[in-house]
Amino acid sequence: MNWPSCHRFRAADVAEIVLRESAFDPAAEMDAFIGRHAQAGGVVSFLGQVRGDGGVEALELKHYPPMTQPGMADLAVTIERRWPLEGLLLLHRVGLMVPGDPIVLVAAAARHRRDAFAAADFAMDHLKGESWFWKREKTAAGWRWIEPRAQDHADLARW
């Protein structure tokens, strides 16, 4: 399947989902998101990036678009049903990355801060604990697949 390097689509009422094979600029993404939701009383964001510890030289995320897109759209619908949001951004990289590269950006805009905090936290717990991505990392010893940790499952279970 030929997947574009950046696929952006709307999900639910206020959610925007972005899947990218290329690098993104977190500050530019956040500036644009805030600009689209200037009426919100609170905007919360989380940026995940490739860790440079443990000898990690590279990280690769693979996905199957017919699974990823509906899964992320369903997550967005669930989030919108639980919290009154003005906007939601779920941006995720796929492909090959190196330490320091941004992997995921989640942003939630709401009238009240607690809704934005909770929505972003819920989104990240679901992206880490029951994701549609396969992750592997490269060290001097070679490539190895990464599975969700027990803590990722515990974080997800609290919801």
Check your understanding: Among (1) touching a residue at least 24 places away in the same chain (Cβ under 8 Å); (2) open to solvent by 60 Å² or more (accessible area, probe 1.4 Å), where does residue 72 come up short?
Key -> (2)
Revision key, fill the gap. Expected output for the range 114-141 (first residue touching a residue at least 60 places away in the same chain (Cβ under 8 Å) and farther than 21 Å from residue 86 by Cβ, partner in a helix (DSSP H, G or I) and not hydrophobic (A, V, I, L, M, F, W, C), Cβ below 7 Å, 6+ apart or cross-chain) is 132/68; 132/71
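Being on the phi < 0 side of the Ramachandran plot and at pLDDT 95 or above narrows it down to one residue among 99, 65, 4; which is it?
After applying the criteria, what remains is 99.
Give the number of residues within the range 138-156 that are open to solvent by 80 Å² or more (accessible area, probe 1.4 Å) and of a type outside the set (Lys, Arg). Don't jump to the end; show me each part of the working.
Going through the range 138-156, the residues open to solvent by 80 Å² or more (accessible area, probe 1.4 Å) turn out to be 140-141, 143-145, 147, 149-151, 153.
From what is left, the residues that are of a type outside the set (Lys, Arg) are 140-141, 143, 145, 147, 150-151, 153.
Summing the residues that are open to solvent by 80 Å² or more (accessible area, probe 1.4 Å) and of a type outside the set (Lys, Arg) in the range 138-156 gives 8.
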Revision key, fill the gap. Scanning the range 87-120 for residues that are charged (D, E, K, R) and under 23 Å from residue 23 (Cα atoms), the one surrounded by the fewest Cβ atoms within 10 Å (Cβ to Cβ) turns out to be 101
Check your understanding: For residues in the range 122-137 being surrounded by fewer than 18 Cβ atoms within 10 Å (Cβ to Cβ) and out of contact with any helix residue (DSSP H, G or I) (no Cβ under 9 Å at 6 or more places or on another chain), which is farthest from residue 54 (Cα to Cα)?
Key -> 134
Practice item. Give the residues of the range 63-113 that are within 14 Å of the chain's Cα centre (by Cα) and basic (Lys, Arg), sorted by residue number. Key: 93
Check your understanding: Assuming residue 154 fulfils every condition listed in (1) in contact with a Phe, Trp or Tyr (Cβ under 6 Å, 6 or more places away or on another chain); (2) over 15 Å from residue 62 (Cβ atoms) apart from one, which condition is it?
Key -> (1)
Review point. Residue check, residue 67 against (1) of a type outside the set (Gly, Ala, Ser); (2) in contact with a strand residue (DSSP E or B) (Cβ under 7 Å, 6 or more places away or on another chain); (3) more than 18 Å from residue 24 (Cβ to Cβ), all met but one. Which one?
Key: (2)
Review point. If you go through the range 27-45 one residue at a time, how many are surrounded by fewer than 15 Cβ atoms within 10 Å (Cβ to Cβ) and within 15 Å of residue 91 (Cα to Cα)?
Key: 4
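The values are calculated or read from the model by the stated rules, or taken from the named source; none is laboratory data. Because the structure is a prediction, the values reported are computed rather than measured. We place every Cβ from the backbone using ideal geometry, glycine too, and count neighbours over all the protein chains shown. Note: accessible area is taken over every heavy atom of the protein model, side chains too, but ligands, DNA and RNA are not part of it. Shrake-Rupley method; radii C 1.70, N 1.55, O 1.52, S 1.80 Å.
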